[in-house]
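Heads up, the thing below is written out as structure tokens.
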Amino acid sequence: MVVNFKDVEENDWFYPYVNAVYKEKIVSGLGNQFNPKDKATREMAVVVCINALKFKDNVAKN
């Protein structure tokens, strides 16, 4: 699975990080945009934390 956001290019410094968390379903973006320069809302931060904890639990079980 590769990032297909209009606003994230392979030459962006954050591309590998966005790709990694997208691949593990920790973030999903907003449609076909990631909006890397926007501020994250509290709700977005909570969703990322919950998804990261789910990922951690899945890795620990395997």
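Every number here is computed from the coordinates shown, using simple stated rules; none is lab data. All values derive from a computational prediction rather than experimental measurement. Positions of Cβ are backbone-derived with ideal geometry, glycine not excepted, and every protein chain shown enters the neighbour counts.
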Scanning region 1-13 for residues that are out of contact with any helix residue (DSSP H, G or I) (no Cβ under 9 Å at 6 or more places or on another chain) and surrounded by 12 or more Cβ atoms within 10 Å (Cβ to Cβ) gives ASP7
Subset tally (residues that are assigned to a helix (DSSP H, G or I) and acidic (Asp, Glu)) for region 1-57: 2
